[in-house]
């Protein structure tokens, strides 16, 4: 039996045309593989992942998929993201190009390490 959040994410993805659904499912699977301990949620009316805080979000649009790895995730991979439209915390992957799933994996793993390190520092401060 699927949980309610997974059903909500399935519904979100299912609202798009089949070709975009396939891309969104690829991105979802890539995120889940890179962060298997992350909790899948719906936040800001889109799929999101949380692990010791917000991790990443993604959303489908008519001409691109937006991937939201926070400002630190964009900044850390700035050079590799040069061919994509970016803003402070967002990367746009146009539908006309294949998704850079290896890059997404590395960004998600970076964000996991970042969140775990922040949580550990916070935990150590409490113990002091």
Scanning segment 44-71 for residues that are over 12 Å from the mean Cα position of the chain (by Cα) and closer than 23 Å to residue 113 by Cα, the one surrounded by the most Cβ atoms within 10 Å (Cβ to Cβ) turns out to be 52
Taking segment 50-67 and keeping only residues that are within 15 Å of residue 13 (Cα to Cα) and outside any loop (DSSP other than H, G, I, E, B), one is left with 57, 58, 59, 60, 64, 65, 66, 67
Every listed condition ((1) under 22 Å from residue 15 (Cβ atoms); (2) free of Cβ contacts under 8 Å to residues at least 24 places away in the same chain; (3) surrounded by 14 or more Cβ atoms within 10 Å (Cβ to Cβ)) holds for residue 28 save (2)
The number of residues in segment 31-41 that are over 19 Å from residue 122 (Cβ atoms) and surrounded by fewer than 16 Cβ atoms within 10 Å (Cβ to Cβ) is 3
Note: among 99, 81, just one is outside any helix (DSSP H, G or I), surrounded by 14 or more Cβ atoms within 10 Å (Cβ to Cβ) and touching a residue at least 60 places away in the same chain (Cβ under 8 Å), namely 99
Residue 5: passes all of (1) out of contact with any helix residue (DSSP H, G or I) (no Cβ under 9 Å at 6 or more places or on another chain); (2) more than 30 Å from residue 123 (Cα to Cα); (3) in contact (Cβ under 8 Å) with a residue 24 or more places away in the chain but (2)
Picked from segment 43-66 (must be in contact with a helix residue (DSSP H, G or I) (Cβ under 6 Å, 6 or more places away or on another chain) and at pLDDT below 95), the residue nearest to residue 84 (Cα to Cα) is 53
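The values are calculated or read from the model by the stated rules, or taken from the named source; none is laboratory data. Because the structure is predicted, anything quoted here is derived from the model rather than measured. Note that each Cβ is placed from the backbone with ideal geometry, even for glycine, and that neighbours are counted across all protein chains shown.
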